[in-house]
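Computed from the coordinates by the stated procedures, all read-outs in this text should not be read as laboratory data. Everything numeric here is computed off the predicted structure, so don't read it as measured data. We place every Cβ from the backbone using ideal geometry, glycine too, and count neighbours over all the protein chains shown.
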Amino acid sequence: MGPCPVCEADLVISDQVEWVTCPGCGTKLHVRAQQAFARTHAAYLEAEVLADEGHVVEPRRAGYRAKARPNAAPLDEDLVRAYQQAYSGLHVALQHTLVASQQLSGVTMMAEITRRLAPRGMASSLEAEYWTALAIELTVRDELATLEKTLAAGSKRTWLVRAVQAFPQRLRRRQLLSALRRLRGQVNELEKAIGFLEPPQIERRGEEA
Ligand SMILES: [Zn+2]
């Protein structure tokens, strides 16, 4: 496993321990999840290079439907192997708590991988839909958290200035909250429909466990 994903301090790890605390920033890291994530990231990047070289063209995300025809052009064997390696590594990594940025990139990679494999009958289309919805949910949560911070920071001004300046932000917050409710419901339903044996451990910003 590489340096700390939060502060980039060097980490010394023995395989015997389950958790390690970063000497730089104090973040607790799950060793097996971090190792799986590092391996996976490498496999995924390799797959992306292969996909570029093979000129794999996918329908744009907006036009993607989970029930896409399963007759998309076959993928190169090496590419399928790299995707499957990344896919199984991510399953392991996501079963433990990762740091927020890794969680989002892990889920995004899962969305990309299953989006490639599902139309070719190599992953379930429900799963592709699930990871995509989850990636959007986490992105919305990030934007909402940033917005709440901005709104809180502006609270020292007079109420009138505050009200005028914060109006578009409050409007945006309402939109995000309603999008979030919809996405959360969608993700829950998909998770139930898939029936994961070991569902991913997703830590949601702004939602107390
Ligand atoms: Zn650190």
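Of all residues being touching a residue at least 40 places away in the same chain (Cβ under 8 Å) and within 15 Å of the ligand (Cβ to nearest atom) in region 1-32, which is farthest from residue 81 (Cα to Cα)? Just the residue, please. So that I can check it myself, show each step before the final result.
Taking region 1-32 and keeping what is touching a residue at least 40 places away in the same chain (Cβ under 8 Å), we get 5-6, 27, 29-30, 32.
Among the residues that remain, those that are also within 15 Å of the ligand (Cβ to nearest atom) are: 5-6, 27, 29-30.
Working: 5: 26, 6: 30, 27: 33, 29: 28, 30: 26 Å.
The qualifying residue farthest from residue 81 (Cα to Cα) is 27.
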Of the criteria (1) within 15 Å of the ligand (Cβ to nearest atom); (2) closer than 28 Å to residue 83 by Cα, which one residue 51 fails: (1)
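Could you please let me know if residue 166 is over 19 Å from the mean Cα position of the chain (by Cα), of a type outside the set (Ser, Thr, Tyr) and exposed (fewer than 14 other Cβ atoms within 10 Å of the Cβ)?
On the way: over 19 Å from the mean Cα position of the chain (by Cα): yes; of a type outside the set (Ser, Thr, Tyr): yes; exposed (fewer than 14 other Cβ atoms within 10 Å of the Cβ): no.
In short, no.
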